[in-house]
Amino acid sequence: MTVPIALPVVNKAPFRVLPGFRLSLGFTLFYLTLIVLIPLSAVFLKTFTMTWDAFVSAVTSPRVMASYRLTFGASLLAALLNVIFGGIVAWVLVRYKFPGKRIIDALVDLPFALPTAVAGIALTTLYSQNGWIGRYLEPLGIKVAFTPLGVLVALTFIGLPFVVRTVQPVLEDAERELEEAAASLGASRLQTFARVIFPTVFPALLTGFALAFARATGEYGSVVFIAGNMPMVSEITPLFIITKLEQYDYTGATAIAVVMLIVSFALLLTINLLQAWVRKRGQAEKV
Amino acid sequence: MSAVITPGIATTPMRGEPAYAPAATLEPLWVRIVLVGIAFAFLTLFLFVPLVAVFYEGLKKGWDVYVDSIIEPDAWSAIKLTLMTAAIAVPLNLVFGVAAAWSIAKFEFRGKNILLTLIDLPFSVSPVISGLIYVLLFGLQGYFGPWLREHDIKILFAVPGIVLATVFVTFPFVARELIPLMQSQGSEEEEAALVLGASGWKTFWHVTLPNIKWGLLYGVILCNARAMGEFGAVSVVSGHIRGETNTIPLQVEILYNEFNVVGAFAVASLLAFLALATLAIKSFIEWRLHKQLTAHTALAAADQE
């Protein structure tokens, strides 16, 4: 018995009513390949010209290890600060009424819109010895500008909108009936927060954290001005890549770039999974 | 900071929630004041003060010095280069964004999620690496470097390199805004137009475009802000030739490093203005989109009755 082989793909392809599928997808793939995929693959191709040992020694030299510690450590702390304060800002913006709320809500996105170089020189001027903020910290023995603490300040600034903007819509959609139910069953406000509100916003907080962290690890413009850029002390990894480039050590720069890219891709994957989790949560609640 | 904190739900009343908050789900007054106070303090320290500082430092020596710093030839050529770069990069990414959104939102095909992730890639790449990739391609030691030198074409440390790096970092903006918007709108209206005999292009111009215009503008505004303000990627490929390959952010850096603080902040204030204008237009569009959306759901609800 011969099983008739189904007439191939032609029949299986869904019937498309709207025109322009081939044109639009074709152009999309062409442009994506030209602008993003080919240039990015150059980074990986370049590292293949290195021997494994050369690669390892380039990405684990003491100076670059110190830059990883600073970049990832400061990014982690900045993202944590943003979870705490960004969470409070989102809560206040959604739940309370106070004057100037509209403007504050719009200004939260400032770090997205303000060019990083402008943020960098503004923060440096504020936190230097004679600056508006620095002059009050100086007598306390706290130095911010030109120290690792400055890196933390800059990274907190650029990460600010992420947590607020991921938590805000979740809080807006959260059903207050659940809180009322908890209250009527005798829960205190604190218990309601811990058992009802916090679990609802937790995935969004985590997503905001990951987004802020991912952005901070690659940040350059706002940090270079305030960091002081001392090797082994306040030199971030992206700056170290530029230093290598300026010394015409292209392979060395590329090797470190590959490490950073792999970290970013891993973070991107994590963020996608987290966002899927947030969406699933939202849908489950509505059903 | 004695803000008057009145109880109430802050979200727009359009969501059908009661306009009052039952006392049981409201925190005590002192908790509300403390929380609003913390939010204010945090935002003041990290947003308002830096923003005010930019304008204050730029205007510190008076209006004349401010204007002189901006119309000074090097600054002026930086402004022109920045405008030109954005004028090339934004339309390119606009066309791409529309094409990508059309194919992704209106059709089903395999590998769509991978395509979406790939479109997002430039957002997760450090700006420095975005510049580095073009050095690897077009630099003298790069893959196309020798060929370019033979034919006397300059890309790196010249205007084309700056444009390319800007296109790369602003690549996802328009597509990211349009894809979810067009997905939520479906394709019934386009199908109706086609059934009535409109051509594909006509359908796009008269049906799709009016529907997505606010989302499109939103994406363009954000794309433009980033294109004009990009620092890291452009800094790697520019070569920093005064009056030739300096964009506004690079000019700010040069002035600042030369201790010309007033000049640096004067030029920087242009970018701060751009940021504020972007936020204002963005808020306006969000308001319009929200109105459009509620009108849409009201219409759908009326249809069902």
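Rounded to the nearest 0.05, the FRET efficiency derived from the C-beta distance between residue B:213 and residue B:259 at R0 = 41 Å is 0.30. For the range B:82-149, the list of trypsin sites (Lys or Arg not before Pro) that fall in a loop by DSSP and count at most 16 other C-beta atoms within 10 angstrom reads B:110.
Charging the Cβ of each Asp and Glu at -1 and of each Lys and Arg at +1, and nothing else, the dipole of the range A:200-287 about its Cα centre rounds to 580 debye. Taken residue by residue and averaged, Cβ atoms of other chains lying within 10 Å of the Cβ of B:102-114 number 4. Just tell me which aspartates and glutamates come within less than 16 Å, Cα to Cα, of residue A:143; anything on the same chain fewer than 8 places away is out. The reachable aspartates and glutamates, counting only those whose Cα sits under 16 Å from residue A:143, number zero. Per-residue shielding of A:20-27, expressed as the average number of other chain Cβ atoms within 10 Å of the residue Cβ, stands at 6. With only Cα atoms counted, the range A:137-287 has Rg and Dmax values of 20.9, 69 Å. Per-peptide packing, taken as the mean over residues of other Cβ atoms within 10 Å, places A:200-208, B:116-124, B:140-148, B:70-78 in the sequence A:200-208, B:116-124, B:70-78, B:140-148 from highest down.
Where Lys and Arg each count +1 and Asp and Glu each count -1, what net charge lies around residue B:80 among other residues with Cβ under 14 Å from its Cβ?
Numbers: positive: B:242; negative: B:72, B:74, B:244.
Once all neighbours under 14 Å are counted, the net charge is -2.
For the range B:70-182, the calculated P(r), taken from all Cα-Cα distances in 10 Å bins from zero up to the bin holding the longest distance, is 13, 33, 32, 18, 4, 0 percent. Summing Lys and Arg as +1 and Asp and Glu as -1 over all other residues whose Cβ lies under 14 Å from the Cβ of residue B:34 gives a net charge of +2.
With 28 Å as the limit, the listed pairs B:80/B:154; B:106/B:202; A:101/B:112; B:106/B:282; B:106/B:213 have A:101/B:112 beyond it between alpha carbons. When the alpha carbon coordinates of the range A:48-104 are projected onto the principal axes, the ranges are 61, 21, 15 Å, largest first. Anisotropy class assigned to chain B is oblate, per the alpha carbon gyration tensor with a/c at or over the 1.5 cut-off and a/b no larger than b/c. Mean partner shielding of peptide B:282-288, defined as the number of other chain Cβ atoms within 10 Å of each residue Cβ, is 2.
When the Cα positions of A:32, A:110, A:86 are compared along the charge dipole of chain A, A:32 comes out farthest toward the positive end, with charges on each C-beta of Lys, Arg, Asp and Glu. Largest first, the three principal axis extents of the alpha carbons in the range B:200-281 are 56, 27, 18 Å in whole numbers. Within the straight-line cut-off of under 15 Å between alpha carbons, the aspartates and glutamates reachable from residue A:46 are A:249, sequence neighbours fewer than 8 places apart in one chain being disregarded.
Please report the orientation-averaged projected area of the range A:112-168, defined via the convex hull of its C-alpha atoms, in nm².
4.5
Projecting label points 7 angstrom from Cα along Cα→Cβ for residue B:241 and residue A:72 puts them 4.1 nm apart. Quotient of the Cα radius of gyration of the range B:176-243 and 2.2 N^0.38 Å, N being its number of residues: 1.70.
Restricting everything to alpha-carbon atoms, can you work out Rg to Rh for the protein assembly as shown with a Kirkwood hydrodynamic radius? Please list the in-between numbers first.
On the way: Rg = 25.6 Å, Rh = 26.0 Å.
On the Cα set of the protein assembly as shown, Rg over Rh gives 0.99.
In a reduced charge model with +1 at each Lys and Arg Cβ and -1 at each Asp and Glu Cβ, the protein assembly as shown shows a dipole moment near 600 debye about its Cα centre.
Cα convex hull, the range B:129-232: 139 Å³ per residue, rounded to a whole number. For the range A:62-204, dividing the convex hull volume of the Cα atoms by the residue count gives 160 Å³ per residue. Overall, chain A carries a charge dipole of about 480 debye about its Cα centre when +1 sits on the Cβ of Lys and Arg and -1 on the Cβ of Asp and Glu, all other atoms neutral.
With helices as the sole contributors, chain A gives -23000 deg cm²/dmol at 222 nm; each DSSP H run of n ≥ 4 counts as -39500 (n - 2.57), and the sum is divided by every residue. Available extension along the chain between residue A:262 and residue A:246 is 3.4 nm, counting 0.36 nm per residue and deducting the alpha carbon span.
Near residue B:244, once Lys and Arg are set to +1 and Asp and Glu to -1 for all other residues with Cβ below 13 Å from its Cβ, the sum equals +2.
Of all aspartates and glutamates in the structure, those lying under 14 Å Cα to Cα from residue B:60, and not within fewer than 8 positions of it along the same chain, are B:68.
In this rough spin-label picture, where each label sits 7 Å from Cα along the Cβ direction, the residue A:41-residue A:194 distance is 5.5 nm.
Quick note: the coordinates plus some simple rules give every number you see, no bench work behind them. These numbers come from a predicted model, not from an experiment. When we count neighbours, we look across all protein chains shown, and the Cβ atoms used for this are built from the backbone with ideal geometry, even at glycine.
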